[in-house]
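Okay, structure first, notes after.
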């Protein structure tokens, strides 16, 4: 019984664990930031993300560079390290 509870807890944690990564801002223009991410960052165009905690959307992906349109993008500067989290698609359910 103990094993079942532990396995259930671990699978629940794995299902709710979200993508989070850091990247470097390459450029900022028109309310969007181009961020150089690691090769393991599997983001797709149209994905909802959080850029340093603020809601945003991936508007383009080119290799390891991701363009994110977000309300706080204009505040960022090239060379700055930022945190990118995948937005929770189950929010509001």
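Rule-based calculations on the coordinates, nothing more; no lab input. In this text, all values refer to a predicted model and were calculated from it rather than measured experimentally. Every residue, glycine among them, receives a Cβ derived from its backbone with ideal geometry; neighbour counts consider all protein chains shown.
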Which FRET efficiency, nearest 0.05, do residue 74 and residue 44 yield, Cβ-Cβ r, R0 30 Å?
0.80
Extension reserve of the residue 88-residue 22 stretch, reckoned as 0.36 nm per residue once the Cα distance is removed
22.0 nm
Using a basic spin-label model with each label point 7 Å from the Cα along Cα→Cβ, how many nm lie between residue 29 and residue 59?
1.1
Can you classify segment 42-93 as rounded, prolate or oblate using the Cα gyration tensor, where a ≥ b ≥ c are the square roots of its eigenvalues, rounded means a/c under 1.5, and otherwise it's prolate if a/b beats b/c and oblate if not?
oblate
